[in-house]
Each structure stands twice: as C-alpha cells, then as structure tokens.
Amino acid sequence: MSEVDEENAIRLLNMIDALILNHDEYPDRWLPFEVLEDNSVVFDERLFAELEKPNNSDLLDWAHKHIVELFT
C-alpha cells in the first residue's frame with residue numbers, strides 16, 4: 001500500500017468512525033456500505049454526504065475502489 005493509500009485509508013476509517021460507528025442509532029456496528037451483485041459499492045447516505053464535501057472529494061473515487069478491502 002502506498003503512502004497516499006495509507007493516508008486515504010486513515011481518513012476514510014476516521015470518517016466512518018466519527019459518522020457511523022460512534023452513534024447509538026447504529027448499535028450493530030454494521031458496515032456503512034453495500035456491495036451490489038455487479039460489485040459496485042453503495043455508501044450509507046451519511047458517509048456519502050461526507051465524501052461529497054469539497055474537502056473530501058478527492059477521497060470519493062478512492063473509497064469506491066478500496067473500501068471493501070479495508071473491511072475484509
């Protein structure tokens with residue numbers, strides 16, 4: 001994993017931790033994304049909204065390509 005990939009992974013995992021895993025409405029700690037039959041990734045609406053923000057826009061494409069491997 002490159003240094004850029006490591007930085008992106010840390011940013012994404014910190015975002016997931018802050019948005020989803022630390023909230024009481026997510027007691028089962030489920031994954032914040034779904035992998036469809038065609039292997040495309042659909043993000044939880046909160047995570048997607050955060051990824052669409054201008055300061056995170058560079059992370060959106062990276063997350064689509066790498067999020068599954070971070071959780072397997």
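The values are calculated or read from the model by the stated rules, or taken from the named source; none is laboratory data. These numbers come from a predicted model, not from an experiment. Please note: Cβ atoms are built from the backbone with ideal geometry, for glycine as well, and neighbour counts cover all protein chains shown.
Of note:
- Contact map, region 15-44: first residue on the phi > 0 side of the Ramachandran plot, second residue assigned to a strand (DSSP E or B) and at pLDDT below 75, Cβ cut-off under 9 Å, separation 6 or more or different chains; the map is empty.
- Every residue from region 41-69 that is loosely packed, with under 13 Cβ neighbours inside 10 Å and at pLDDT below 90: Glu45, Ser57, Glu69
- Pair list, Cβ < 7 Å and 6+ apart or interchain, from region 47-72 residues that are farther than 17 Å from Asp17 by Cα and in a helix (DSSP H, G or I) to residues that are of a type outside the set (Lys, Arg) and at pLDDT below 95: His64/Val41
- Condition check for Asp24: acidic (Asp, Glu) and modelled with pLDDT of 90 or more: no
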